[in-house]
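Participant: Attaching a single structure in structure tokens format; questions to follow.
Throughout, read-outs are computed from the coordinates displayed, never taken from laboratory work. Everything numeric in this text was worked out from a predicted model, so none of it was measured. With ideal geometry, Cβ positions are generated from the backbone for all residues, glycine too; neighbour counts draw on all protein chains shown.
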Amino acid sequence: MLQNVITVLNTHANCLTNMKNFLIYFITISIFAIACNNNSTMHNTADTTVKTDSSIDTSLIPLPKNFQTTIDGKQTNLYILKNGKMQVSVTNYGARIVSIIVPDKNGNPTDVAVGYDAVEPYTKGGDTYFGAIVGRYGNRIAKGKFTLNSKQYTLATNNGPNSLHGGTKGFSRKVWDAQQISDSSVMLSYISGDGEEGYPGTLNVQVTYTVASNNKLKIDYAATTDKPTVLNLTNHCYFNLNGQGSGTINKHLVMINADKYTPVDSTLIPTGKFESVKATPFDFTKPSTIAAHVNDSTNQQIKFGKGYDHNFVLNTKGDPSVKAAEVIGDASGIVMNVYTTQPGLQFYGGNFMDGSHTIKQNKKDNYRTAFCMETQHYPDSPNQHNFPSTELKPGQQFASTTIYAFSVK
Ligand code: BGC
């Protein structure tokens, strides 16, 4: 009996100590949160300390009011993310990167991402996918057909005989819900209905852009589904490291950490083979200019792609601490390193750019004046059973991360 009374008293004493500890913890956290809120130039997440540099040339950033309208009954806007000397702007129309401003070797702010200075041109016909999140299946699906669990699905064929970047109205043309999490981060969400563009299952997808310290842009992807589906999400940013609209990217120096690539047929669908890059124009294991082999008309793959438009099998095996690619702007000295959890990288050299669009700063999107480094699964994976699977099942949580890290040389 006495033992029971002592146990009850001890339990009460422990509860009181726990409550006291909780109160101390709560008060400390509150004081910390208030302190952070009072200082508008500082945020507190480990990776994303925001120190805005007053020397940034804000005239390069498009005006948010040019992005504020209603499309498909939903509000569009421009979200500006800052950290140190780096600024990124993102619109929720297509979850697109509109600009990426980083310093060049002389410290001059340089906008390295191709984009428009208003939302309206993004909505026009003939999507170039500037800066967009493409999906539900980025890249091509042969003849717009695939079979999943014995059922055949048919997609729109919007690229010759094939389906490209999610079909007629893929994720690049949807208005996403946006939540600016901090000065340096925005989360975009979209619910793609069961059967949208022919794909099965309701897909709940989130993309978070974060400008981390040291001039890094981190893109986190997350998704769930209520029925088995296929998924290949990527960002389609067109980069010119000398500054968007500043001329060709032919003299950029490229390194891709890939010993193999997936050769394609004349419609850019992989043949299913993995081929060595050795002694081919696809050997970027050591840095090479794009110009070195981009016009090698003796190479059938270069002919099919009209230059570089190919998927590389990354040696990184999904390890985001190992460099997947590095590109250096010859004039600016701006270096972009790519890190990713994805198995592949589509290196597209702007072969279909034709100067027909007026981009920011009144420039033109001329031939080969930008390149894309689209981290993703291999094209046409749903029909290629020797490629890593792109199936997402109910109950699974899809997650992937890509980092574009900028510096100068
Ligand atoms: C494709 C190109 C295409 C470009 C723009 C790239 O991902 O590989 O073939 O022209 O996107 O749509």
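Participant: Sort 336-348, 197-209 for me by packing, meaning the mean count of neighbouring Cβ atoms within 10 Å per residue, highest on top.
Facilitator: 336-348, 197-209
Participant: Once a ≥ b ≥ c are taken as the square roots of the eigenvalues of the Cα gyration tensor of region 184-309, is the result rounded (a/c under 1.5), prolate (a/b larger than b/c) or oblate (a/b not larger than b/c)?
Facilitator: Oblate shape, in that a/c is at least 1.5 and b/c is the bigger or equal ratio.
Participant: Then there is this: Mind checking which aspartates and glutamates have their Cα closer than 13 Å to the Cα of residue 364? Skip sequence neighbours fewer than 8 apart in that chain.
Facilitator: Answer for residue 364, where 13 Å is the Cα cut-off: 117, 354, listed by chain and number.
Participant: Most fluctuating residue of 385, 377, 293 in a GNM of the chain with Cα springs under 10 Å: which is it?
Facilitator: 385
Participant: Packing-wise, with mean Cβ within 10 Å as the measure, how do 248-256, 263-271, 149-157 rank, highest first?
Facilitator: 248-256, 263-271, 149-157
Participant: From the helices alone, meaning DSSP H stretches of at least four residues, give me the mean residue ellipticity at 222 nm for the chain, per-run term -39500 (n - 2.57), in deg cm²/dmol to the nearest 500.
Facilitator: One gets -3500 deg cm²/dmol as the mean residue ellipticity at 222 nm.
Participant: Let me ask something else. Taking other Cβ within 10 Å of each residue's Cβ, how do 334, 191 sort, fewest first?
Facilitator: With the fewest neighbours first, 334, 191 line up as 191, 334.
Participant: How tilted is helix 2-38 with respect to the longest principal axis of the chain? Cα atoms for both, answer in degrees (0 to 90, nearest 10).
Facilitator: 50 degrees
Participant: Calculate, in nm to one decimal, what residue 74 and residue 317 gain on full extension: separation in residues at 0.36 nm each, minus their alpha carbon distance.
Facilitator: 83.6 nm
Participant: Starting from the Cα-Cα distance between residue 385 and residue 194, subtract it from 0.36 nm times their residue separation and give me the gain in nm to one decimal.
Facilitator: Length gained between residue 385 and residue 194: 66.3 nm.
Participant: Could you list 304, 171, 406, 67 so that the one with the fewest beta carbons within 10 Å of its beta carbon is first and the one with the most is last?
Facilitator: 304, 406, 67, 171
Participant: Please list, or write none, the lysines whose alpha carbon is within less than 18 Å of the alpha carbon of residue 286, excluding same-chain residues fewer than 8 places away.
Facilitator: 251, 260, 278, 323, 409
Participant: With θ taken as phi - 60° and the coefficients 6.51, -1.76 and 1.60, list the Karplus ³J(HN,Hα) couplings across region 249-263 in order, rounded to whole Hz; mark glycine and proline as x.
Facilitator: Each residue of region 249-263 in turn: 9, 4, 8, 4, 9, 10, 10, 10, 7, 8, 8, 9, 9, 10, x Hz.
Participant: Taking the Cα centre of region 58-408 as origin, work out the dipole magnitude from +1 charges on Lys and Arg Cβ and -1 charges on Asp and Glu Cβ, in debye rounded to 20.
Facilitator: For this selection, approximately 100 debye.
Participant: Hey, another quick one. Quick check on packing: order 131-141, 308-318 by the mean number of other C-beta atoms within 10 Å, highest mean leading.
Facilitator: So the peptides 131-141, 308-318, ranked by packing, come out 131-141, 308-318.
Participant: Which of the lysines could be linked to residue 74 by a straight reach, that is with a Cα gap under 29 Å, when you skip same-chain ones fewer than 8 residues away?
Facilitator: Answer for residue 74, where 29 Å is the Cα cut-off: 65, 82, 124, 169, 174, 218, 227, 360, listed by chain and number.
Participant: Tell me, what ³J(HN,Hα) does each residue in region 118-126 have, in order and in whole Hz, if you take phi through Karplus 6.51 cos²θ - 1.76 cosθ + 1.60 with θ = phi - 60° and put x for Gly and Pro?
Facilitator: Values, residue by residue: 7, 6, 3, x, 5, 8, 6, x, x Hz.
Participant: Also, quick follow-up: Please give, to one decimal in nm, the separation of the simple spin-label points placed at residue 397 and residue 154, each 7 Å out from Cα toward the Cβ.
Facilitator: About 3.8 nm separates the two model spin labels.
Participant: Can you list the HN-Hα couplings for region 286-299, worked out from phi with the Karplus curve (6.51, -1.76, 1.60; θ = phi - 60°), rounded to whole Hz and with x for Gly and Pro?
Facilitator: 10, x, 9, 6, 5, 4, 3, 10, 4, 10, 6, 6, 7, 9
Participant: A further question follows. What is the fewest-to-most order of 60, 233 by other Cβ atoms lying within 10 Å of their Cβ?
Facilitator: Fewest-to-most Cβ neighbours within 10 Å comes out as 60, 233.
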